[in-house]
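*Asks:* Here's a structure for you.
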Amino acid sequence: MIDLPNPVVVAAGCGGTGRELAALGALEGIGAFTTRSLTLNPRAGGPSPRIAETPSGLVHSTGLPGPGLEIFLATELPWLVQQGLRVVVSLTGASVAEHAEVARRLAQAPGVRALEVDLAVPDARAHGLLDVREPFHAANVVAAVVREAQDLPVLAKVRADVLRVAESARVVTDAGASAVVVGGPQAAALPDGRPAGLSGPAVLPLALRCVGEVRAALPDVPVVGCGGISTTVDARAFLDAGAVAVQVGTALLHDPTTAARIAADLAGGPS
């Protein structure tokens, strides 16, 4: 786990390239910025419609569009580093070999502070990505990334599944992950029936319980809480449950200043 000046982190995918938030002064005071999940080659993403709003969040099946590794290293990463941000690069792929190659290249890139292996994509198979729901696959992916990451900390993002979250956390830490991110979208479906993820306030109670489950099962493993956080009260609940940091994601789509505001509130002490 990296040292953070503040326990509030922008979650993967919801901060765009970072430029969008920076234009609004919405990156000031945050602990770290997590990039969108990066693949070796460019991805156009899934077909439209990709997002549907629900009364309690968003249902989404984006297909993880992105520029690919080369463009990210040439344009997006240098800009993030110039802003003085602690950059955590989220990564995914269609195979263990692709995860390893992306990790190897990122380990050589100046300014990358940590890698986050995204094991929480609920519709991975639908978009041609490696389905890592089985512990065997998750362990192989994390071990491959850890081997290539050199001295970079490797965080593993696991799905908030109360039936097996502690098992998942144990599998990835046994494979070498230095911290576990607990949260991310829950398995859902778009109105047309396509596999999707559900994010936002609806998943907060589940994610909060999962943080507590992992903390109790693995008391020495740093846990980052993620899922539906939109207020300082939410963030404190995760920290009180044992998380060392929190990630703010979907809330940024409604109010891009959410992470910066929560960071400032926490820095100011109890309110």
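*Asks:* Could you check, for the stretch 117-129, whether at least one of its residues is over 27 Å from Arg164 (Cα atoms) and buried (at least 17 other Cβ atoms within 10 Å of the Cβ)?
*Replies:* no
*Asks:* Just for the stretch 240-271: of the residues that are closer than 15 Å to Gly13 by Cβ and among the β-branched types (Val, Ile, Thr), which one is modelled with the lowest pLDDT?
*Replies:* Thr250
Yes or no, residue by residue, for (1) assigned to a strand (DSSP E or B); (2) touching a residue at least 60 places away in the same chain (Cβ under 8 Å):
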{"site": "Glu28", "(1), (2)": "no, yes"}
{"site": "Phe33", "(1), (2)": "yes, no"}
{"site": "Pro47", "(1), (2)": "no, no"}
{"site": "Glu53", "(1), (2)": "yes, no"}
{"site": "Leu64", "(1), (2)": "no, yes"}
{"site": "Phe72", "(1), (2)": "no, no"}
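*Asks:* Take the residues in the stretch 179-209 that are in contact with a Leu (Cβ under 8 Å, 6 or more places away or on another chain) and over 13 Å from Val158 (Cα atoms), then tell me which one is surrounded by the most Cβ atoms within 10 Å (Cβ to Cβ). Working first, answer last.
*Replies:* Residues of the stretch 179-209 in contact with a Leu (Cβ under 8 Å, 6 or more places away or on another chain): 179-181, 185-188, 196, 198-200.
Filter again for over 13 Å from Val158 (Cα atoms), leaving 188, 196, 198-200.
Details: Ala188: 22, Ala196: 26, Leu198: 21, Ser199: 30, Gly200: 25.
By that ranking, first place goes to Ser199.
*Asks:* Only residues that are within 24 Å of Pro42 (Cβ to Cβ) and charged (D, E, K, R): list them for the stretch 114-158, please.
*Replies:* Glu116, Asp118, Asp123, Arg125, Asp131, Glu148, Lys157
*Asks:* Let me ask something additional. Tell me which residues, restricted to the stretch 1-13, are open to solvent by less than 30 Å² (accessible area, probe 1.4 Å) and in a loop (DSSP other than H, G, I, E, B). Give the steps one after another, and end with the answer.
*Replies:* Filtering the stretch 1-13 down to residues open to solvent by less than 30 Å² (accessible area, probe 1.4 Å) leaves 2, 6, 8-12.
Answer for the stretch 1-13, where residues must be open to solvent by less than 30 Å² (accessible area, probe 1.4 Å) and in a loop (DSSP other than H, G, I, E, B): Ile2, Asn6, Ala11, Ala12.
*Asks:* Please enumerate the residues belonging to the stretch 27-66 that are buried (at least 20 other Cβ atoms within 10 Å of the Cβ), over 30 Å from Leu4 (Cα atoms) and hydrophobic (A, V, I, L, M, F, W, C).
*Replies:* Selection gives Val59 alone.
*Asks:* Next up: Could you grab me the full set of residues in the stretch 149-172 that are of a type outside the set (A, V, I, L, M, F, W, C) and surrounded by fewer than 20 Cβ atoms within 10 Å (Cβ to Cβ)? Can you show your working first?
*Replies:* Applying the first criterion (of a type outside the set (A, V, I, L, M, F, W, C)) to the stretch 149-172 yields 150-151, 153, 157, 159, 161, 164, 167-168, 170.
Within the stretch 149-172, Gln150, Asp151, Pro153, Asp161, Arg164, Glu167, Arg170 meet the criteria.
The values are calculated or read from the model by the stated rules, or taken from the named source; none is laboratory data. These numbers were taken from a predicted model, which means no experiment stands behind them. Note that each Cβ is placed from the backbone with ideal geometry, even for glycine, and that neighbours are counted across all protein chains shown. Side chains included, ligands, DNA and RNA excluded: accessible areas come from the protein's heavy atoms. Shrake-Rupley method; radii C 1.70, N 1.55, O 1.52, S 1.80 Å.
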